[in-house]
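Here's the structure we're looking at; comments come further down.
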Amino acid sequence: MSKPSGLVFLCVLALSIPAAWSDEAPSASTAATTEAPAASTPPAAAAAPTEPTLMGADKISAGDTAWMLTSTALVLMMSIPGLALFYGGMVRKKNVLATLMQTFAITCLVTLLWWLIGYSWAFTPGGPFLGSASRAFFNGMTFIHDPTNQMSVSHLALTIPESVYAMFQLTFAAITPALIAGAFADRMKFSALLVFMAAWSLLVYSPIAHMVWEPTGWLNKAGVLDYAGGTVVHINAGVAGLASCLVLGKRLGYGREAMAPHNLTLTLIGASLLWVGWFGFNAGSAGAADGRAGMAMLVTQLATAAAALAWASAEWVSRGKPSVLGIASGAVAGLVAITPASGFVGPTPAVIIGVVAGVLCFIAATSLKHALGYDDSLDAFGVHGIGGIIGALLTGVFASKEISGLDASVLTQLKGVAVTLVYGFAASFIILKVIDMTIGLRVTEEQEREGLDISLHGESIE
Amino acid sequence: MKLITAIIKPFKLDDVRQAVSEVGVQGVTVTEVRGFGRQRGHTEIYRGAEYVVEFVPKTKIEIAVDDSLVDLVIEAITKSAQTGKVGDGKIFVFDLTQVVRIRTGERDASAI
């Protein structure tokens, strides 16, 4: 907070992602950003607030707020039921309810943790690695109707209420740990899952989100670009998935018994819900209803279609048939890879990113996994980890200054990738080991054979 | 009386039902089953993991008939279920010692 105002202004304008501004069309959000801040802002930050601030309702854009409310609902739909069905269809019939339960329970758990401290640690100014506790229990997040008609506004999205911004980010915080669950499907205890996800959300997700997205975070200051969460969400979840399938070990009978997906109809519906919801994820990360949001939506569609066809084609050429699971997996790989790039690149680079992600994620999920011998059951690392890395690096290659107003560099992107991989893997590994030594991570052999639906939840489907 | 059990390709069920109705069969019991014969199984690939499906889905039908109908029914099933490819199925014929209609208590021929 004591930084020179010019530097702070630059930080906010140049580095805050997803900031509510656009350099193409002078919209309500642009005007609001450049206007004098509310009276409660300290004089040092005369240009723009650097922390959540109380503002008058006249500073709020109805259009931006409407789009962000919509985006928030779309991203929640990605987790439940989108991701739940995507994963649920891929497991064996005896584990489908347990798999659906994981995503649903994680969504509830992270919601409360976000209120407790997660949001505050991620999105308030603080040190290079973690924000402050000033918004614990959403303290200070408010709307005052009479007589002033004021509300708190995040410094990261200046034209919408902070309540909407915190809710939008909550849905990201919820889906990220749920993605990890794909790596250890069919074998983790439900109690261990809850403890792991709670610890992971607070000790891994919030710090990484702060480092990359909050202007006081050191990766943000270093110029790492991550428009909608390629690094924070996907690399982060992917590498945690890799750590968890290594710590937990393979499923019983892996490589010997048939573990074919029990219902790919569910998986395709889930992938489709993810695709639709992803417009909230990427175009919503504009923080505004503006030209940049429109471009983000356009490139998301292009990259996803390209990656879906690329995966299915690679499969067709190498294995003889294009599969439903293949085209759905390819679409998700494309969505993941375009995520960090979506507010930075134009249409043609989006198609290239999609094709590269489709082919490389296909190789990662089909050959690399078997070559290295780990059991990433539903390819959380193969699709989200690898796809996220491809997207982060290609963002450095293809980011357009015209669209983003920023300079990108592959080396800086590599730094963001490396830090997330190392920190995410190490922290996840330690958390998992601690849980394994205390309450135990894995279900008993008998429970695993019987299926988690019956053994953990006392229910089953016919 | 005989019990005719036939294992057929699932998509042939409607043809077979129609064919046996036409020769005078009053009732058929149908079960979804799996098994292997000369057709063997097939291979499925999910994200590069190959699974050999050794038991192929088939449909089993059971028909109780009077002795006079046995040859007609066998012929009807054979014609209607045939594709000429491996995996068309088999027909087994068993002696049937008793039949009871539960509603009325009728027995044997009048109960079929």
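Bear in mind these aren't lab numbers, they're just calculated from the coordinates by the rules spelled out. Note that this is a predicted model, so its numbers are computed, not measured. Heads up, the Cβs are rebuilt from the backbone with ideal geometry, glycines too, and the neighbour counts pull from every protein chain shown.
Quick one: the Cα spread of region B:34-100 along its three principal axes, in angstroms, biggest first?
Per principal axis, max minus min of the Cα coordinates gives 54, 28, 15 Å.
Out of all Cα-Cα pairs in chain A, roughly what percent, to the nearest whole number, are more than 28 Å apart?
I get 46 percent for the Cα pairs in chain A exceeding 28 Å.
Which residues' amide hydrogens lie under 5 Å from the amide hydrogen of B:TYR46, considering only partners 5 or more residues apart or on another chain, with H built in the peptide plane?
The answer is B:TYR51.
Which helices, taking whole DSSP H runs in chain A, have alpha carbons extending 20 angstrom or more along the helix axis plus mean Kyte-Doolittle at least 1.0?
A:62-77, A:96-113, A:162-180, A:264-283, A:324-338, A:347-363, A:410-438
Binned at 5 Å from 0, what are the whole-percent values of the Cα-Cα distance distribution for region A:183-341, short to long?
For region A:183-341, the pair-distance distribution reads 2, 8, 13, 15, 18, 18, 13, 8, 4, 1, 0.
Taking Cα atoms of region A:62-162, Rg/Rh with Kirkwood Rh, to two decimals?
Expressed as Rg/Rh, it is 1.09.
Given B:ILE74, B:VAL20, B:VAL30, which one lies farthest toward the positive end of the charge dipole of chain B, if we put +1 on the Cβ of every Lys and Arg and -1 on the Cβ of every Asp and Glu?
Positive-end residue among those listed: B:VAL30.
Going by C-beta contacts inside 10 Å, put A:SER79, A:SER329 in order with the fewest on the left.
A:SER79, A:SER329
Order the peptides A:281-293, A:86-98, A:443-455 from the highest to the lowest mean number of other Cβ atoms within 10 Å of their residues.
Highest-to-lowest ranking by the protection proxy: A:281-293, A:86-98, A:443-455.
Listed here are the pairs A:LYS94/B:LYS90; B:LYS2/B:LYS58; A:LYS93/A:LYS369; A:LYS321/B:LYS79; A:LYS189/A:LYS369; which of them are more than 27 Å apart at the Cα?
With Cα atoms farther than 27 Å apart: A:LYS94/B:LYS90; A:LYS321/B:LYS79.
Please compute one quarter of the surface area of the Cα convex hull for chain B and express it in square nanometres.
8.5 nm²
Taking 2.2 N^0.38 Å as the expected size of a compact globular protein, what ratio does the Cα radius of gyration of region A:342-462 give against it, to two decimals?
Ratio of Rg to 2.2 N^0.38 Å for region A:342-462: 1.44.
Do the sum for chain A: with -39,500 (n - 2.57) for every DSSP H run of n ≥ 4, divided by all residues, what is the mean residue ellipticity at 222 nm, to the nearest 500 deg cm²/dmol?
The per-residue figure over chain A is -17500 deg cm²/dmol.
Starting from the Cα of B:SER21, step 7 Å along the direction of its Cβ; do the same at A:ARG256; then give the gap between the two resulting points in nm.
Spacing of the two 7 Å Cα→Cβ label points: 5.0 nm.
Using amide H atoms built in the peptide plane, which far-off residues or other-chain residues are under 5 Å from A:LEU54 H to H?
A:VAL153
What ranking do A:407-414, A:253-260 get when scored by the average of other Cβ atoms within 10 Å per residue, highest first?
A:407-414, A:253-260
Which aspartates and glutamates have a Cα less than 14 Å from the Cα of A:LYS401, not counting those fewer than 8 places away in the same chain?
A:ASP23, A:GLU24
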